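Step one of this worksheet: look at the structure below.
A short reminder: the numbers here are calculations on the coordinates, not readings from a lab. Model, not experiment: these values are computed from the prediction. Every residue, glycine as well, gets a Cβ built from its backbone with ideal geometry; the counts of neighbours run over all protein chains shown.
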Amino acid sequence: MAAAGAATPCLHLIFHHHHRITATLRPFSAIHHHRLSLLFTRNKHRSFSTSPEIETPRAGRSGSVSSPPVQTVDYVEKIDVNPPKGTRDFPPEEMRLRNWLFNNFREVSRLFGFEEVDYPVLETEALFIRKAGEEIRDQLYCFEDRGNRRVALRPELTPSLARLVIQKGKSVPLPIKWFAVGQCWRYERMTRGRRREHYQWNMDIIGVPDVTGEAELISSIVTFFKRIGITVKDVGFKISSRKVLQEVLSLYSVPETSFAKACIVIDKMGKIPMEEIKKELISIELSNEAIEDLLEVLSMKSLTQLEEKLGGSGEAVGELKQLFSLAEKFGYSEWIQFDASIVRGLAYYTGIVFEGFDREGKLRAICGGGRYDRLLSTFGGDDIPACGFGFGDAVVIELLKERQLLPEVPLEVENIVCSLDPDLQGAAAIVATVLRGKGQCVDLVLENKPLKWVFKRAARINARRLILVGSSEWQRGMVSVKILSTGVQFEVNVDELE
């Protein structure tokens, strides 16, 4: 201890303009103490990390050290603890809900005989650059990697599916029934149920040319809704066909290149004013007469009206009537309705298209899909009849909140194991290992905690039973078991724990 009044070494921090802090050891004094207190008071909200860099002392004229050793400390700003805009953290309670949702996706897919696949989150940019005018082109998270390759975070799963089908070629027998639950990225304006990072459930059927494929897919979504408590009063499906537009535009000799662009424009109906829709249709060389005829058809909400307009011999009306007939056989006819304005915004759709919607109209489309028979040739492959859908996780969670159907998914642990003596921690570890070896979930208390704390912990994790390792019981090869729901307590041999 220093003598009274003697100078005591003190750490001095000197701020530099480049956000570094110089630390030196100099004699301590009362005024130094005051300055140091002020320094830490003013900067207590900042974080600091030490750097191993040491400034070399300079020698004076006599060769002696003219200044004490100086250590620099890097100044570190506090990071923003929020995730990037449009993305989410999944703390345990949110992760349990996500797992519940994904488990339902997977179980429905299993019930319908689909196999799970997955693809890279990072794909080549060219996979998603298809048709000019698609929103998705402007929503890509894309960049050049260190190998000078243009890559993108996948905004959807269907192009990746097409790539894999082409890669596998004839080694995979048709029909292919695959599903995936994957993370997707789109840089877009965020609204309720729309995020820049989301998860998507896709089911796809490759090799079935008939609308039985679409009927099966819609049936699977209806089955999913029923599993999670959503009824026909909550949601429905709007059904149409791209072939409706083709038949209307063919009357005016509109070229195929303009057809794809027209679909993208029409998909904006309800999102932008009708005058803007008309201007965009004119810009892709549709005549005023064609536009008026097209808008008349798009306003139709019944197949009878459509048949009167187009006749019953065309593919569009025939396939739609077949789908509605199949819906009766599957038992979901009350879930679907015809709406000619549904075209979907992606250029690869070729036939039947559908969207799941919230009947109260508070949310964006819940899911959507349809037929894409010519997708594979877009990537240089041979076209195979195909259909599928995408179902985002964010909108359905909002729907469940809206209907007050969001489930509580508590943490559930079968056993909590606690030693009653610090010397028995190893014995408690043996018990936990035995139970885990039998497939039991075990939360092992890793510290010497009082029983009051253990019981609170057991309640928080919804433990089914408490296993106490006490000295006298352990000497006899026994442990004490308490069933927490009933309070019944008994002893059991460790080897007989089930």
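Work out how much length ILE430 to VAL172 would gain on full extension: take 0.36 nm times their residue separation and subtract the Cα-Cα distance, in nm to one decimal. Numbers along the way, then the final one.
Values: separation 258, 0.36 × 258 = 92.88 nm, distance 4.84 nm.
Between ILE430 and VAL172, full extension yields an extra 88.0 nm.
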Prolate/oblate/rounded call for segment 92-402, Cα gyration tensor, a/c under 1.5 rounded: rounded
Cα centroid separation - segment 388-413 against segment 322-370, whole Å: 21
Segment 103-130 and segment 241-266: distance between their alpha carbon centers, rounded to Å: 30
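Which entries in the list LYS279/LYS301; LYS456/LYS482; LYS168/LYS238 go over 26 Å, if you measure between the two C-alpha atoms of each? Please report the intermediate quantities before stating the final value.
On the way: LYS279/LYS301 24 Å; LYS456/LYS482 14 Å; LYS168/LYS238 34 Å.
Correct reply: LYS168/LYS238.
Just to confirm a number: summing +1 for Lys and Arg and -1 for Asp and Glu over residues other than THR87 whose beta-carbon lies under 11 angstrom from that of THR87, what do you get?
Working: positive: LYS85, ARG88, ARG195, ARG196; negative: ASP89, GLU197.
Neighbour charge sum, excluding THR87 itself: +2.
I'd like the trypsin sites (Lys or Arg not before Pro) in segment 398-498 restricted to DSSP loop residues with at most 14 other Cβ atoms within 10 Å, sorted by number.
Details: sites: LYS401, ARG403, ARG436, LYS438, LYS452, LYS456, ARG457, ARG460, ARG464, ARG465, ARG476, LYS482; in loops: ARG403, LYS438, ARG464, ARG476.
In loop regions of segment 398-498 (DSSP not H, G, I, E or B), the sparsely surrounded trypsin sites (Lys or Arg not before Pro) are LYS438, ARG476.
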Formal net charge of residues neighbouring VAL488 (Cβ-Cβ distance under 10 Å; K, R +1; D, E -1): +2
Loop-located chymotrypsin sites (Phe, Trp or Tyr not before Pro) in segment 235-297, at most 14 other Cβ atoms within 10 Å (DSSP): TYR252
Sequence-distant lysines (8 or more away, or on other chains) whose Cα lies within less than 21 Å of LYS78: LYS44
Charged-residue dipole, Cβ positions (Lys, Arg, Asp, Glu), segment 405-498 about Cα centre, Debye nearest 20: 300
Nearby lysines by direct alpha-carbon distance to LYS401 (threshold 19 angstrom, same-chain neighbours under 8 apart not counted): LYS226, LYS233, LYS362
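Starting from the Cα gyration tensor of segment 102-173, take the square roots of the eigenvalues, sort them a ≥ b ≥ c, and report rounded, prolate or oblate (rounded when a/c is under 1.5, otherwise prolate if a/b is larger than b/c, else oblate).
Verdict is prolate for segment 102-173.
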Cut-off 15 Å between beta-carbons: net charge of the residues surrounding LEU466, Lys and Arg +1, Asp and Glu -1: +3
